[in-house]
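K.L.:
This is the structure I want to talk about, given as structure tokens.
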Amino acid sequence: MAGLKTLARAGVLVAAALGSSAALADNGTDPLEAVNITAPDGSARASFIAHGAAATSFWVQDKYGEFRDILVGYENKSDYIAARNYFAPIVGRYANRIRNGTFTIPISKNAEGPGEKYQVPENEHNGTNSLHGGDKGFDTHVWSIVDNGTDFVSFAMVDPAGNQGFPGTVITTVTYTLGNSSVFNTSISAIATEKTPIMLSAHQFWNLEAYNETQDLSGHIAQIQSSRVIATDGNLIPNGSFIDVEGTALDFRQAKSIGDSINATAEAQYCGTDCVGFDNAWVYDNNTGDTPVLSVWSENSGIRLDVFTNQLALQIYSCNGEYNATNPTPRKNSQGGPDAYIEDHSCIVLEQESYLDAINNPEYGIDDIYGPDKPYFWHSSYVFSVIDE
């Protein structure tokens, strides 16, 4: 019943956005003004900005009963505009990667079929593929606040036809809600005026210790209900096949340390050429939405996250390339900054999404083309708790 209510509410918001699309396109919203929400029982609180509909803080209690901000980001809000590090926005119109920035409708293998061919900006790996919607993805838009209460906020935006080369205008809404017992619900709805690829995700960076005890992920334990990972080349572009996780560093079916598993990825270079760490898409096994498909917790802070989602896959990025010695990113004051910096392998992104680049790999059997008669809906519940000692 809750899922139906969420979907109905999302439909109302999309309809409202459609009715005021001109206003949304030039909304006059302050892109960096903080929108604060709190769970009804006070168990969690979070802040958001209209730029990218991004989350900027997320506070929950640790095993000592103290609140920690476990969301990685910037202290200086203007950096969310100045630097495009994908710190906790909504990413799209097509999240993750697109081979050569090309696709056809209907989809075909590597855009070599007879359908109409489209080209979007190739903004990664020296112009060899598109990442998170191209040069001006959803994370660069200023979204409008269309509804807001003490425990929720809804943002909406219009992505016009032809932007970044995508066909059709797409109207999108995202609603963030905090529930009792530290439940963080996110729902994303979209509808397009023409057939177009849509794959969206919330791109939050997490450190469940808020960097208090360690500066790495050694104390972060993960368990993933997945026996397969999407196989990719050195630029992280899928080839249509899968890797069986059995006997590899990618096997998290039994809980284990994320940080302690990172060095084991070096030989296979799972996160790309000359890369150590994770930047991979796990395909969930038999995800019914009724049980958590992903659990992550810190042995040090005691903070645990269980994820319920309607999505098919999970992209994990272990912050492999976040440290730049010439221009390092300061941590937030709530996480030991500004004199301490975000290091490689010190945080983790958990993107709930479809199979990456399914629009170039029809053998997956995934149809990520949406339109007027096929709306898009994404939902995830992040349930925070404290582990038993």
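K.L.:
Rounded to the nearest 20 Debye, what is the dipole magnitude of the chain about its Cα centre when Lys and Arg each give +1 and Asp and Glu each give -1 at the C-beta?
P.N.:
My answer is approximately 900 debye.
K.L.:
Hey, can you find the accessible area per residue of region 57-123 for me, probe 1.4 Å, expressed in square angstrom?
P.N.:
For region 57-123, the per-residue accessible area is 41 Å².
K.L.:
Given a Förster distance of 41 angstrom, what is the FRET efficiency for D41 paired with D244, based on the Cβ-Cβ distance and rounded to 0.05?
P.N.:
0.45
K.L.:
Taking θ as phi - 60°, what are the ³J(HN,Hα) couplings along region 170-175 by the Karplus curve (6.51, -1.76, 1.60), each to the nearest whole Hz, with x for Gly and Pro?
P.N.:
10, 9, 10, 10, 10, 10
K.L.:
Related question: Is the shape of region 96-232 best called rounded, prolate or oblate, per the rule: a/c under 1.5 gives rounded, else a/b larger than b/c gives prolate, else oblate, with a ≥ b ≥ c the square roots of the Cα gyration tensor eigenvalues?
P.N.:
The shape class here is oblate.
K.L.:
Which residue, S227, L217, Q254, has the largest displacement toward the positive end of the dipole of region 168-267 when charges sit on each Cβ (Lys, Arg +1; Asp, Glu -1)?
P.N.:
Working it through, the farthest residue towards the positive pole turns out to be S227.
K.L.:
Contact order normalised by length for the chain, with contacts defined as Cα pairs under 8 Å and 6 or more residues apart; what percent is it?
P.N.:
19 percent
K.L.:
HN-Hα J couplings of region 297-305 from phi, Karplus 6.51/-1.76/1.60, θ = phi - 60°, integer Hz, Gly and Pro as x?
P.N.:
8, 9, 5, 8, 7, x, 6, 10, 10
K.L.:
So what is the relative contact order for region 31-98, in percent, with contacts set as C-alpha pairs under 8 Å and at least six apart?
P.N.:
Across region 31-98, relative contact order equals 24 percent.
K.L.:
To continue, here is another question. Taking all protein chains in place and a 1.4 Å probe, what share, in percent, of the accessible surface of region 263-365 do carbon and sulfur account for?
P.N.:
Carbon and sulfur atoms account for 42 percent of the accessible area of region 263-365.
K.L.:
Taking Cα pairs under 8 Å and at least six residues apart, what relative contact order does region 279-389 come out at, in percent?
P.N.:
Normalised by residue count, the contact order of region 279-389 is 31 percent.
K.L.:
Oh, and also: How large, in percent, is the carbon and sulfur part of the accessible surface of region 52-155 at a probe radius of 1.4 Å?
P.N.:
46 percent
K.L.:
Would you look at the GNM of the chain, springs on alpha carbons closer than 10 Å, and say which of G272, G52, G127 moves the most?
P.N.:
Most flexible of the set in this elastic network: G127.
K.L.:
Specify the inter-centroid distance of region 300-354 and region 161-224, based on alpha-carbon positions, in whole Å.
P.N.:
Going from one Cα centre to the other spans 13 Å.
K.L.:
Decide, for the chain, between rounded, prolate and oblate: order the square roots of the alpha carbon gyration tensor eigenvalues as a ≥ b ≥ c, take rounded if a/c falls under 1.5, and otherwise choose prolate if a/b is larger than b/c, else oblate.
P.N.:
Judged from the Cα gyration tensor, the chain comes out rounded (a/c under 1.5).
K.L.:
Sticking with this one: Taking 20 Å as the cut-off for C-alpha to C-alpha distance, list the pairs among K195/K374; K77/K332; K256/K332 that go past it.
P.N.:
Pairs exceeding 20 Å: K256/K332.
K.L.:
Rounded to the nearest 500, what is the 222 nm mean residue ellipticity of the chain from helices alone, with -39500 (n - 2.57) per DSSP H run of 4+ residues and division by all residues?
P.N.:
That comes out to -2000 deg cm²/dmol.
K.L.:
Okay, next question. Can you classify region 32-158 as rounded, prolate or oblate using the Cα gyration tensor, where a ≥ b ≥ c are the square roots of its eigenvalues, rounded means a/c under 1.5, and otherwise it's prolate if a/b beats b/c and oblate if not?
P.N.:
Taking the square roots of the gyration eigenvalues as a ≥ b ≥ c, region 32-158 is prolate.
K.L.:
OK, next. Which residues does a label at T193 reach in region 160-176, if reach means a backbone N under 14 Å from a point 7 Å past the Cα toward the Cβ?
P.N.:
Residues 160-163, 166-172 fall inside that zone.
The values are calculated or read from the model by the stated rules, or taken from the named source; none is laboratory data. This structure is a prediction, so every number in the text was calculated from the model and none was measured. Reconstructed Cβ throughout: ideal geometry from the backbone, glycine too, with neighbour counts over all protein chains shown. Protein only, heavy atoms only, side chains kept; ligands, DNA and RNA dropped before computing areas. Shrake-Rupley method; radii C 1.70, N 1.55, O 1.52, S 1.80 Å.
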